[in-house]
Ligand SMILES: C[S@@+](CC[C@H](N)C(=O)[O-])C[C@H]1O[C@@H](n2cnc3c(N)ncnc32)[C@H](O)[C@@H]1O
């Protein structure tokens with residue numbers, strides 16, 4: 001499966017887990033509902049014509065809304081990144097001075113193109129906002145960041161998501177509760193909440209109360225749902241699994257990630273998908289073997305995605 005990668009980045013991005021998640025998605029006639037949208041990578045690879053997508057982070061939602069409305073186009077992104085990239089290249093302190101100018105401009109005006117710039121020029125593709133809601137990730141220290149090939153890569157990503165975002169997709173700045181309450185029997189809800197108990201940033205810190213509320217809402221929904229969470233790592237297990245999620249179906253697999261750029265910082269975690277519908281997948285198998293029916297569905301969605309990309 002070719003995974004479409006979005007133009008914005010964040011530390012919790014699920015790109016590597018997309019094929020696993022999509023292999024579990026059941027056949028439903030309704031909407032893809034994603035209340036913790038993040039970068040959107042899971043939604044963009046869902047192959048759904050109708051979607052309801054929310055996040056408390058207004059910058060993410062505004063960015064995608066502007067693409068949907070044609071206010072941000074691939075051509076515009078190219079010209080913006082080429083000229084901003086040139087200023088960065090020529091700036092004092094190895095580009096740092098211009099990164100600071102864009103950061104300050106964004107913290108005043110919240111322009112979605114500045115948001116894209118910061119997302120792609122920040123350290124390690126991270127996204128974080130301080131307690132005042134200001135961009136809080138330092139410069140990647142690369143004045144040549146927006147070299148021609150990199151700009152083209154980002155422009156292509158904008159093009160891809162512009163093709164996949166349908167007029168019927170609704171983007172909403174909202175907390176997760178209202179989206180889940182709106183779900184109908186024919187919809188599929190995919191939730192990827194922040195880890196509970198870990199303050200991540202201004203828009204993105206889950207509390208134990210949030211997890212309890214999420215459990216309540218997902219237990220009561222008429223829709224089908226899939227929840228991403230972590231199961232255990234080398235040091236501890238996620239106590240929310242026993243507390244809440246073990247009541248549903250659950251499948252796990254190993255996931256390796258880097259914290260920091262160095263190879264020795266490679267860490268492993270066992271990821272879990274919790275779901276409330278029958279699926280013929282071995283439980284706790286650390287690697288899903290989807291049933292043929294699910295593979296067929298996956299093929300259909302991949303075809304749909306390819307069609308949308310070709311139309312443009
Ligand atoms: C783990 S990230 C989702 C990552 C996403 N699946 C991806 O691959 O990019 C969680 C997201 O939930 C958002 N968020 C945090 N608290 C929220 C809440 N109460 N309601 C809705 N969204 C929330 C954060 O802003 C963040 O974008």
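Observations, loosely collected:
- The Rg/Rh ratio of region 74-161, with both radii computed over alpha carbons and Rh defined as the Kirkwood radius, is 0.94.
- Residues 129, 176, sorted so that the one with the fewest Cβ neighbours within 10 Å comes first: 129, 176
- Helix 292-311 vs. the chain, principal-axis angle (Cα, 0 to 90°, nearest 10): 30
- Region 51-101 shape via C-alpha gyration tensor axes, a/c threshold 1.5: oblate
- Intensity falloff of the chain expressed as log10 I(q)/I(0), Debye formula with alpha-carbon point scatterers, at q = 0.09, 0.11, 0.14 Å⁻¹: -0.46, -0.70, -1.14
- Largest mean-square fluctuation among 36, 48, 123, in a Gaussian network model of the chain whose springs join Cα atoms under 10 Å apart, belongs to 123.
- Global form of region 138-207, assessed from the alpha-carbon gyration tensor, a/c cut-off 1.5: oblate
- Antiparallel content of DSSP bridges confined to the chain, in %, to 5: 60
- When each of 126, 240 is scored by the number of other beta-carbon atoms lying within 10 Å, the sequence from fewest to most is 126, 240.
- Anisotropy class of region 1-136 from Cα gyration tensor, a/c 1.5 cut: prolate
- In the chain, the DSSP-assigned H stretches of four residues or longer account for a calculated mean residue ellipticity at 222 nm of -12000 deg cm²/dmol, using -39500 (n - 2.57) per stretch and the full residue count as denominator.
- Neighbour-count ranking [beta-carbon atoms within 10 angstrom, fewest first] of 221, 229: 221, 229
- Angle in degrees between helix 58-68 and the longest Cα principal axis of the chain, rounded to the nearest 10: 90
- Cα-based helix-to-principal-axis angle, 208-220 vs the chain, degrees rounded to 10: 50
Read-outs: derived from the displayed coordinates by stated rules, not from any lab. Keep in mind that what you see is a predicted model, and the values were worked out from it rather than measured. Neighbour counts are summed over all protein chains in view; Cβ atoms, including those assigned to glycine, are modelled from backbone coordinates with ideal geometry.
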